[in-house]
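Heads up: the structure comes next, in structure tokens.
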């Protein structure tokens with residue numbers, strides 16, 4: 001958290017975003033971080049499962065952001081997936 005402002009990056013932590021469907025607000029979801037215009041979801045699991053990817057993609061679509069990073073700190077090495085909402 002200290003490094004982001006040191007690099008001049010704007011960020012928010014544990015952000016509640018509106019969920020929109022066909023232009024109407026239908027609820028809210030909490031995302032771990034938004035850094036600039038990138039959603040960052042953090043996991044601590046043995047591996048990144050398909051359900052994690054689907055969840056992050058649905059958060060992207062619902063929040064109307066285009067790019068997301070899914071980071072997993074639970075495996076033997078850091079797992080990173082870059083996701084694009086189409």
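Take the range 58-83 and flag every residue that is within 21 Å of residue 20 (Cβ to Cβ) and in contact with a strand residue (DSSP E or B) (Cβ under 6 Å, 6 or more places away or on another chain). Write out each step before concluding.
To start, the set of residues in the range 58-83 that are within 21 Å of residue 20 (Cβ to Cβ) comprises 58-68, 83.
Listed by number, the residues that qualify are 59, 60, 62, 63, 65, 67, 68, 83.
Against the definition (assigned to a strand (DSSP E or B) and within 26 Å of residue 5 (Cβ to Cβ)), how does residue 26 come out, yes or no?
Numbers: assigned to a strand (DSSP E or B): yes; within 26 Å of residue 5 (Cβ to Cβ): no.
Here the answer is no, as residue 26 does not meet what is asked.
The single condition among (1) at pLDDT below 90; (2) surrounded by fewer than 17 Cβ atoms within 10 Å (Cβ to Cβ); (3) in a strand (DSSP E or B) that residue 31 does not satisfy is (2).
Filtering the range 1-26 to residues that are loosely packed, with under 13 Cβ neighbours inside 10 Å and in contact (Cβ under 8 Å) with a residue 24 or more places away in the chain leaves 9, 10, 21. Taking every residue in the range 45-57 that is farther than 13 Å from residue 81 by Cα and pairing it with any residue that is assigned to a helix (DSSP H, G or I) and at pLDDT 90 or above, at least 6 positions away or on another chain, the pairs with Cβ-Cβ distances below 9 Å are 45/52. Would you check which residues across the range 44-70 are crowded, with 16+ Cβ neighbours inside 10 Å, at pLDDT 90 or above and part of a loop (DSSP other than H, G, I, E, B) and list them? Correct list: 48 only.
The values are calculated or read from the model by the stated rules, or taken from the named source; none is laboratory data. Nothing here was measured: the structure is a model prediction, and the numbers come from that model. We place every Cβ from the backbone using ideal geometry, glycine too, and count neighbours over all the protein chains shown.
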